[in-house]
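The values are calculated or read from the model by the stated rules, or taken from the named source; none is laboratory data. In this text, all values refer to a predicted model and were calculated from it rather than measured experimentally. Please note: Cβ atoms are built from the backbone with ideal geometry, for glycine as well, and neighbour counts cover all protein chains shown.
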Amino acid sequence: MPPISAEKYAELERRVLAAIDRDAAELTEISLTIHANPELQFVERKAAALLTSKLEARGFEVQRGVAELETAFVGYAGDNDGPTIGIVAEYDALRGLGHACGHNLIGTAALGAAWAINEVIAELPGRVRMIGTPAEEGGGGKVLMVNRGVFKGVDAAMMFHPLDTNLLSTPFLASNRIKLEFFGRASHAAASPELGINALDAVIQTYNAVNALRQHLRSDVRIHGVITNGGQAANIVPEYASAEFSVRAADRPYSNETLAKFVRCAEAAAMATGATLKYTVEEASRYDDLDSNPIMQRLFGEKLTRLGIDYLDKPNGQGSGSTDMGNVSQVVPSIHPFLKIAETGVACHTNGFREAAASPEGQTAMLNAARAMALTTLDLLAKPDLLRETKAAFAARHPNV
Ligand SMILES: [Zn+2]
């Protein structure tokens, strides 16, 4: 394909934006439909069916149930020769809170961007791949999809997330979730305590040891947990106790190092009490830190400016959680910017944020996200130098990928 002239590029850009204007009402309806039908991780059947049917309606080649996950999907458009740009969708909700993280907007913005690029894809080298990723809220859909090869062959990937501010990136933490189980021996807690082995004490000793450890960890570490089983009755020495913890840090090596220290605390507690320890770290719970690609981030920022949207490059000091987009960002150049849907201070995972995800402001942000992602994708496909720079920046930070 010959290089794309400046005039041609301007024409493609106009057509991409016109497509989103034309589709705005339909996209809004899709977003509100997903919002009204919240589905939990890995059973987002209505949302996945809706989004895939909308891709097929515009001629995308769709594969459902990818990576052995029923509600994961990919939809392709464009030419096999040339680069592939991934646009990532999420669509899971929170237990008891519905779409209080606004993933209805994420899924629909990805669809809007994929549709818009499809309008001009025949005139571009390469393809667009919409990637439907279930279970971001703790299920680790993208962790499994990355590990099972779904992102192989993707040259760059992007998604958007709603927030209470416009923000290009924030430092998401590398995380491990660990389940501890202690097995002791039951006994009458008053009549024969000497015969018992107290599994709950092992959990308490783990807490104490971890709290002593905190002084000697980097300040970016977060360790937090709950006791999921603390015994059955006050007059029975607990023979079984369990707890779940998240162990997070700014990068994967330090989060792993901290996890190893955490396990030693639990082992010490088992030794001290005589209980037996079993611990489990699920593969899907290992969210990597997010490496936001600087070139893609700059491009996305330029698109926001073009759309008349002010934004921050990085947050004003608030803390951060973890996202499974982090795992994508460790294997493919990626961005995970945010657009404002709520008043400042209205946090994700609250009733107020759920309302914002169905509000007119929410839909406006979703459409702007679709516009900015579509224009960023257009840049990466139409201007090969930009994709080269993007990949070079990634390679410099990930020499082993
Ligand atoms: Zn979210």
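Residues of region 144-160 that are buried (at least 23 other Cβ atoms within 10 Å of the Cβ) and either of a type in the set (V, I, T) or closer than 24 Å to L367 by Cβ (or both): V146, V150, A156, A157, M158, M159, F160.
Would you please name the residue that is nearest to G184 (Cα to Cα), looking only at residues in region 199-250 that are part of a helix (DSSP H, G or I) and in contact with a Lys or Arg (Cβ under 9 Å, 6 or more places away or on another chain)? Out of the qualifying residues, it is A199.
Consider region 123-176 and keep the residues that are assigned to a strand (DSSP E or B) and of a type in the set (G, A, S). The one that is farthest from the ligand (Cβ to nearest atom) is A156. Taking first residues from region 299-310 that are more than 19 Å from A157 (Cβ to Cβ) and partners that are modelled with pLDDT of 95 or more and in a loop (DSSP other than H, G, I, E, B), the Cβ contacts under 9 Å between residues at least 6 apart in sequence or on separate chains come to T305/Y311; I309/N166; D310/N166. The set of residues in region 186-198 being surrounded by fewer than 16 Cβ atoms within 10 Å (Cβ to Cβ) and either touching a helix residue (DSSP H, G or I) at 6+ places or on another chain (Cβ under 7 Å) or assigned to a strand (DSSP E or B) (or both) consists of H188 alone. Of the residues making up region 7-14, not a single one is assigned to a helix (DSSP H, G or I), among the aliphatic types (A, V, I, L, M), within 17 Å of I106 (Cβ to Cβ) and in contact with a helix residue (DSSP H, G or I) (Cβ under 8 Å, 6 or more places away or on another chain). Evaluate region 348-359: report whether one residue or more is within 15 Å of the ligand (Cβ to nearest atom) and of a type in the set (D, E, K, R). Checked against the condition, which is being within 15 Å of the ligand (Cβ to nearest atom) and of a type in the set (D, E, K, R), region 348-359 yields at least one hit. Within region 293-330, being surrounded by fewer than 16 Cβ atoms within 10 Å (Cβ to Cβ), within 21 Å of the chain's Cα centre (by Cα) and among the charged types (D, E, K, R) holds for D313, K314.
Across region 59-97, the qualifying residues are those that are in a strand (DSSP E or B) and within 16 Å of the ligand (Cβ to nearest atom), and the one among them that is surrounded by the most Cβ atoms within 10 Å (Cβ to Cβ) is V88.
Confirm whether L105 is within 16 Å of the ligand (Cβ to nearest atom) and of a type outside the set (S, T, Y).
yes
Condition check for G321 on (1) within 16 Å of the ligand (Cβ to nearest atom); (2) at pLDDT 95 or above; (3) closer than 23 Å to A89 by Cβ: one failure, at (2). Just one of the listed residues (E136, E181) is among the charged types (D, E, K, R), touching a strand residue (DSSP E or B) at 6+ places or on another chain (Cβ under 8 Å) and within 30 Å of G326 (Cα to Cα), namely E181.
Which condition breaks for E302 when tested against (1) more than 30 Å from R14 (Cβ to Cβ); (2) at pLDDT 95 or above? So the condition that E302 fails would be (1).
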